[in-house]
Amino acid sequence: MNGLEFYAYHGCYQEEQLTGSNFVVDIIIDVDMEKASSSDNLYDALDYAEVYELVRQEMAIRSFLLEHVSSRILDALFACFSQAISAEVCVSKIKPPVSGQVRSVSVCQRRLRSPK
């Protein structure tokens, strides 16, 4: 899923926590698609609407660091989707408060499901 847009209150500065910023989240989830590929049944596939809702909920929780936000999203993905083999989450803050012209800053994390 690419370009999930949110207005949230992540940042280390008090102003960021009060006024908020625009964020974009990109997600890659590796799943075994064999069953869904042959059945053509939505119930055998990963539900993108559920993924979006999970990310929306995590983005609503204030954090100081994008590293913390992306890690929480990964934790929630693995907790909610047993078919996830691995996942990558990139959280980008649009127009961060740095001196100079910067379009965005991003933190990306990739994780494999831990063996049981």
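Enumerate the helices (runs of 4 or more DSSP H) found wholly within the stretch 3-76, keeping only those where 2 or more residues are within 19 Å of the chain's Cα centre (by Cα) and either among the aliphatic types (A, V, I, L, M) or buried (at least 16 other Cβ atoms within 10 Å of the Cβ) (or both). Here the list reads 48-59. Tallying residues that are closer than 15 Å to Gln83 by Cβ and without any contact (Cβ under 8 Å) to a residue 24 or more places away in the chain within the stretch 3-37 yields 5. Scan the stretch 87-116 for residues that are more than 23 Å from Tyr7 (Cβ to Cβ), loosely packed, with under 15 Cβ neighbours inside 10 Å and at pLDDT 95 or above and the total you get is 2.
Residues to consider are Ser21, Ser106; find the one that is of a type in the set (S, T, N, Q) and in contact with a His (Cβ under 8 Å, 6 or more places away or on another chain). Exactly one residue qualifies, and that residue is Ser21.
Number of residues in the stretch 77-86 that are in a helix (DSSP H, G or I) and surrounded by 12 or more Cβ atoms within 10 Å (Cβ to Cβ) equals 3. Figure legend. Inter-residue proximity from the stretch 73-90: first residues over 22 Å from Val24 (Cα atoms), second residues not small (Gly, Ala, Ser), beta-carbon distance below 8 Å, spacing 6+ or different chains. Indicated pairs: Gln83/Val31; Gln83/Asp32; Gln83/Leu46; Ile85/Asp30; Ile85/Val31; Ile85/Asp32; Ile85/Leu112; Ile85/Arg113.
The values are calculated or read from the model by the stated rules, or taken from the named source; none is laboratory data. Bear in mind that the values here come from a model prediction, so they are computed numbers and not experimental data. Note that each Cβ is placed from the backbone with ideal geometry, even for glycine, and that neighbours are counted across all protein chains shown.
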